[in-house]
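As structure tokens, the structure follows; a few thoughts come after it.
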Amino acid sequence: MPKLCGTVSSFYGGGMVAGQPIGTMIGSRMINNAQAGFIIGAVIMLASGFVALAIWPREESSKDMERTKMTLKDLAVSFHFPKFSTSRDFYKAFGCRVCMLLSYQMISVYQLYIVEDYVHQTKTEAAGTIATMSIITMVVSLSASLISGPISDKMHTRARY
């Protein structure tokens, strides 16, 4: 499976990347009826929970497995970060991802206000613009995500932690 790590990661990332624009598109369609939007969101989340339960593989019973006592210290130690001297790639990827996600979320959270205040569109026009931008974002992000994983597998360029 290590040969396909990049591909599997790109499919996981593709799913994550698709969720935000789809939610934004649904939200832009509900701009004048927020209550219906919240109800639709709740129904989708509830339905996705049942879908996950239906397709998730079942595990064997763990009642006969040996149990070890875990202390608070053991729990705290399990959350340690790797040493910087041996894991520079981890910290580079971590820093870049935090900055990328922070900037992406700031833009997506405030894009309605940006389009209304700086492009001078009405709320309904802004919702249409945001829906179009979401479709473009989803197509480009999914394409990049699904292409980059197999390329990473072929180049054998992954950080090893």
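The values are calculated or read from the model by the stated rules, or taken from the named source; none is laboratory data. All values reported here derive from a predicted model rather than from experimental measurement. All Cβ positions, glycine included, derive from the backbone under ideal geometry; neighbour counts span all protein chains shown. Heavy atoms of the whole protein, side chains included, go into the accessibility calculation; ligands, DNA and RNA do not. Shrake-Rupley method; radii C 1.70, N 1.55, O 1.52, S 1.80 Å.
With a/c under 1.5 counting as rounded, go ahead and sort the range 4-43 into rounded, prolate or oblate using the C-alpha gyration tensor (a ≥ b ≥ c being the square roots of the eigenvalues; past the cut-off, prolate if a/b is larger than b/c, else oblate).
Note, shape of the range 4-43 comes out prolate.
Pick from R29, R58, R67 the residue whose mean-square fluctuation is largest in a GNM of the chain, springs joining Cα atoms under 10 Å.
Its mean-square fluctuation being the largest, the pick is R67.
Let me spell out the model: positive unit charges on the Cβ of Lys and Arg, negative unit charges on the Cβ of Asp and Glu, origin at the Cα centre of the range 1-148. What dipole size does that give, in debye rounded to 20?
Numbers: 12 positive and 9 negative charges, 90 e Å.
Around 440 debye, computed over the range 1-148.
Find the lysine pairs in the range 26-161 meeting two conditions, Cα atoms under 28 Å apart and a separation of 8 or more places or different chains, and report how many there are.
5
What 222 nm value per residue comes from the helices of the chain, counting each DSSP H run with n ≥ 4 as -39,500 (n - 2.57) and dividing by all residues, nearest 500 deg cm²/dmol?
It comes out at -25500 deg cm²/dmol, rounded to the nearest 500.
Please build a GNM for the chain, connecting alpha carbons under 10 Å apart, and tell me which residue among T68, T132, T86 fluctuates the most.
Its mean-square fluctuation being the largest, the pick is T68.
How much length is gained if the chain between L146 and Y12 is pulled fully straight, taking 0.36 nm per residue apart and subtracting their Cα-Cα distance, in nm to one decimal?
47.3 nm
Please give the FRET efficiency for C99 paired with L72, using the beta carbon to beta carbon distance and R0 = 25 Å, rounded to the nearest 0.05.
Once rounded, the FRET efficiency stands at 0.15.
Sequence gap at least 6, Cα distance under 8 Å: using those rules, report the relative contact order of the chain to the nearest whole percent.
62 percent
So, R0 is 45 Å and r is the distance between the beta-carbons of V139 and M65; what FRET efficiency does that work out to, to 0.05? Each step should come with its number before you reach the end.
Numbers: r = 46 Å, r/R0 = 1.02.
Result of the calculation: an efficiency of 0.50.
Where the accessible area of the range 15-81 is counted over protein heavy atoms with a 1.4 Å probe, how much of it, in %, is carbon and sulfur?
On the way: 4090 of 6090 Å².
Result for the range 15-81: 67 percent of the exposed heavy-atom area is carbon or sulfur.
Can you send over the solvent-accessible area of L53, 1.4 Å probe, protein chains only, in Å² to the nearest 10?
Rounded to the nearest 10, the figure is 110 Å².
Between V51 and H120, what's the calculated FRET efficiency when r is the beta-carbon distance and R0 is 45 Å? Round to 0.05.
0.60
Per residue, how much accessible area does the chain show when a 1.4 Å probe rolls over the protein heavy atoms, in square angstrom?
Counting only protein heavy atoms, the per-residue value for the chain is 81 Å².
Over all directions, average the projected area of the Cα convex hull of the chain and note it in nm². Before the final figure, lay out each step's value.
Details: hull surface 58.5 nm².
Projected over every direction and averaged, the Cα hull of the chain covers 14.6 nm².
Would you look at the GNM of the chain, springs on alpha carbons closer than 10 Å, and say which of G23, G95, G14 moves the most?
Maximum among the listed residues: G95.
Which sequence of K63, K69 reflects their accessible areas, 1.4 Å probe, from the largest down?
K69, K63
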